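Visitor: Quick one: structure below, then a few questions.
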Amino acid sequence: MRFLVIEGDHFERQFLSETLTDALPEVDIVQLKNAGEFLLLTQDRLPQIDVLITEHFLALMEVTEDHEERYAKLKANFPEVVIGWDHHEAAERIIRYMRKMGLNIPVIIYTHSERDYIDKDVLLDPRVQYCSKDLEADTLLHCIRESLSVKS
């Protein structure tokens, strides 16, 4: 089973990785820190993953020496996602982009954000699960099982 995790916080990525590997056999986890990494990953091909787990609030990219060049590339290749970027709606932008590109995998929005802060059209997608980080790890595993049952 292959998971793609987009999470800016190192400790949250570590928690997700440990939770998934402890609970599920033969798990492969790709970890990304921000939305820009995800967009660049999808540029040439859509990733073969079973479930995407993403934080609701995400940075577009890290500030590095070449960040202006990377931003220009993101803006040119993904204008509908990048232009007007607001980290408060990162998950929604990613999910809408995925659906537009035909990537219909299940998504878990794993976040401290309240459910009401997530756009309703995204939450109405049957392949999207909301899962609060404030709940126990068992709740995350329940969301994962639900997402996998939607995929089947």
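Values quoted throughout were computed directly from the atomic coordinates according to the rules given, and no laboratory measurement underlies them. Keep in mind that what you see is a predicted model, and the values were worked out from it rather than measured. Using ideal geometry, Cβ is built from the backbone for each residue, glycine included, and neighbour counts are taken over all protein chains shown.
Visitor: Counting alpha carbon pairs within less than 8 Å and at least 6 residues apart, what relative contact order, in whole percent, applies to segment 47-92?
Guide: Values: 27 pairs, mean separation 27.0, N = 46.
Relative contact order, segment 47-92: 59 percent.
Visitor: Along the positive direction of the dipole of the chain (beta-carbon charges: Lys, Arg +1; Asp, Glu -1; about the Cα centre), which of SER132, ASN104, LEU41 reaches farthest?
Guide: ASN104
Visitor: Please identify the GluC sites (Glu not before Pro) of segment 71-152 that satisfy two criteria: DSSP loop assignment and at most 14 other Cβ atoms within 10 Å. Which are they?
Guide: Numbers: sites: GLU80, GLU89, GLU92, GLU114, GLU136, GLU146; in loops: GLU114, GLU136.
Qualifying residues, ordered by number: GLU114, GLU136.
Visitor: Here's something else I'd like to know. Can you tell me how much longer the chain between GLU12 and HIS112 gets when fully stretched, taken as 0.36 nm per residue apart minus their C-alpha distance, in nm with one decimal? Please report the intermediate quantities before stating the final value.
Guide: Numbers: separation 100, 0.36 × 100 = 36.00 nm, distance 1.12 nm.
Contour length minus Cα-Cα distance gives 34.9 nm.
Visitor: For the chain, modelled as a GNM with alpha-carbon contacts under 10 angstrom, which of LEU123, LEU135, LEU16 fluctuates the most?
Guide: Looking only at LEU123, LEU135, LEU16, the biggest GNM fluctuation is shown by LEU135.
Visitor: Given the options VAL30, PHE15, GLY84, identify the residue whose Cα lies farthest towards the positive end of the charge dipole of segment 1-107 (+1 on Cβ of Lys, Arg; -1 on Cβ of Asp, Glu).
Guide: The residue sitting farthest along the positive end of the dipole is GLY84.
Visitor: Okay, next question. Using a Debye calculation, one point per C-alpha and no hydration shell, please list log10 I(q)/I(0) for segment 67-108 at q = 0.16, 0.29 Å⁻¹ in order.
Guide: These q points yield log10 I(q)/I(0) values of -0.45, -1.04.
Visitor: Number of Lys-Lys pairs in segment 52-152 under 20 Å by Cα, sequence gap 8 or more or different chains?
Guide: Close lysine pairs found across segment 52-152: 5.
Visitor: Can you give the local net charge around LEU74? Use residues other than it whose beta-carbon is closer than 13 angstrom to its beta-carbon, Lys and Arg +1, Asp and Glu -1.
Guide: Values: positive: ARG70, LYS73, LYS75, ARG93; negative: GLU37, GLU62, ASP66, GLU68, GLU69, GLU80.
With Lys, Arg at +1 and Asp, Glu at -1, the neighbours total -2.
Visitor: May I ask for the net charge around MET61, where only other residues with Cβ less than 13 Å from the Cβ of MET61 are counted and Lys, Arg are +1 while Asp, Glu are -1? Could you put the intermediate results ahead of the total?
Guide: Working: positive: LYS33, ARG70, LYS73, LYS75; negative: GLU37, GLU62, GLU65, ASP66, GLU68, GLU69.
Local charge sum for MET61: -2.
Visitor: I would also like to ask the following. Quote the charge dipole size of the chain about the Cα centre in Debye, to the nearest 20; the model charges only the Cβ of Lys and Arg (+1) and of Asp and Glu (-1).
Guide: On the way: 17 positive and 29 negative charges, 138 e Å.
It works out to roughly 660 debye.
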